[in-house]
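Right, one structure below, let's go through it.
The values are calculated or read from the model by the stated rules, or taken from the named source; none is laboratory data. Every value quoted in this text rests on a predicted model; they were computed, and no experiment measured them. Here the Cβ is made from the backbone with ideal geometry for all residues, glycine too, and neighbour counts use every protein chain on show. In case anyone asks, the SASA skips ligands and DNA or RNA and just uses the protein heavy atoms, side chains included. Shrake-Rupley method; radii C 1.70, N 1.55, O 1.52, S 1.80 Å.
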Amino acid sequence: MIKRSRNGSHCLNPYIIIPSLLVLLSGHVLFSSYQFYSFLSLGEYSPDLTAVELKINNVQTNIGFSACLLVKDDNDKLSEWIAYHFTTLPLRYLIVAVDPTSKTSPTEILRRWNTTDLMQIWEWDDNMFLKLPPKKVKTPLKLHEERQRSFYLQCIKEHKKRGRKWTVFVDSDEFVVFNYKRDGQPKIRDDNCKVKNYDSDVPVMKREDLPSHNIAMTVEELMYSKLHDNQEVLPWKAGCLSMPRLFFGAMESKPEEISAGVPNVGLNPNNFTTLRFRKHHRKGAFTFNRFGKNMIDVSKLKHVEQVPHPHLVAPKLCPRPPLPCYDESLLRVNHYLGSWESYSSRGGYVARTVTDFQLRASINEGEDDDIRPWLGTFVEKLETKRAYKLLEDAGVVTLHVELYQNRTEFSVKENVTNYMVGPMLGSN
């Protein structure tokens, strides 16, 4: 390892280099426990560096959003998820924890991004954040919940230690979207919303302040677009955005609706969840949409002690319960069921049946294309060849498990097979 001396020159640290040589001579390769795969392309990396000190192409890296993402056989969604949030937040720092029961690995997808100068991604396993589970954790679902809480807690601490600020906590099937308000749109009927009343003279940004849906603006640009006396306005100043979710089923749309606005660069719009599935549940309903998700400024947390729930990662910053009002929220989270192939290929913590899938898949209480422009913006930001390479895994499902309708009536057995996601339900 090379360390930088006080005068700026480089010197070898004998306390590190000698043990490392011994390990190499024994036929093993020593990696950082952070599994930071981009150290060759980004320059030297040290756990002692802060985000402010580390530079990429001489650009300070304390700009942009961070995220904490727990994955389990999500490779068909991962390329799209990263590219989308890179474009719209913009996402610049990502910590990915891999469930140990995953049959697939995200390493190659993450490595592809880390060999660019676009983002820094770390891949963690349970050893980085999960203590031995208590004896009372007996079911796979309970263990998953404990793993997610423990991961979020350690991930918050890591981003905070590196000097980062806004951090997003959504799953691989969830996408943060501007909650646009259309002219003439009636007031949304919320089932159980929690109104956030700010006791402050600081101005509050409202949905009416959002840009037009056809204007490419990032969340970060929106955040600083209306400063008040050079200070953040609410809700950004509060340090937490609790975002309502909107659930999208698996009803197919017409081909021309799916391909609308997609750049003609060889990308198949049917391979992108955010473009293929447009039909959603009622806005403001609790059923299917369920609890909201959080985006928090980790720099505003004085003490990080626990994460009580993945829908409430910072109780001292975020309102309780996590039921934000749809009509009051600047951002929302689109939550996608996806195709049957994708749904069934991912081993669940509860049974995944065709009956359960079809109940959710048939949801159709409205259509929404607010998210659609992102792919064109992504291709425009990057050259076509580069964008295509980063998205080549989008929609590729790897089957390792049996697909069940139920154990007695329906069973399709597959070997490990890759195929592109095809139509599931009929167009209408």
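Key figures for this structure:
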item: Tally of residues being over 23 Å from Val333 (Cα atoms) and open to solvent by less than 10 Å² (accessible area, probe 1.4 Å) across the stretch 294-313; result: 0
item: Selection count where residues are out of contact with any strand residue (DSSP E or B) (no Cβ under 6 Å at 6 or more places or on another chain), more than 19 Å from Glu220 (Cβ to Cβ) and either in a strand (DSSP E or B) or open to solvent by 20 Å² or more (accessible area, probe 1.4 Å) (or both), scope the stretch 151-184; result: 9
item: Residue count, the stretch 237-268 (criterion: open to solvent by less than 10 Å² (accessible area, probe 1.4 Å), hydrophobic (A, V, I, L, M, F, W, C) and in contact with a helix residue (DSSP H, G or I) (Cβ under 7 Å, 6 or more places away or on another chain)); result: 2
item: Residue tally, condition buried (at least 16 other Cβ atoms within 10 Å of the Cβ) and of a type in the set (Ser, Thr, Tyr), over the stretch 352-367; result: 1
item: Any hit, the stretch 281-293, residues being open to solvent by less than 10 Å² (accessible area, probe 1.4 Å), farther than 30 Å from Gly395 by Cα, assigned to a loop (DSSP other than H, G, I, E, B) and touching a residue at least 12 places away in the same chain (Cβ under 8 Å); result: no
item: Residue check, Ser212 loosely packed, with under 15 Cβ neighbours inside 10 Å and of a type in the set (Ser, Thr, Tyr); result: yes
item: Residue in the stretch 137-146 that is in contact (Cβ under 8 Å) with a residue 24 or more places away in the chain, open to solvent by less than 40 Å² (accessible area, probe 1.4 Å) and under 22 Å from Gln306 (Cβ atoms) present; result: yes
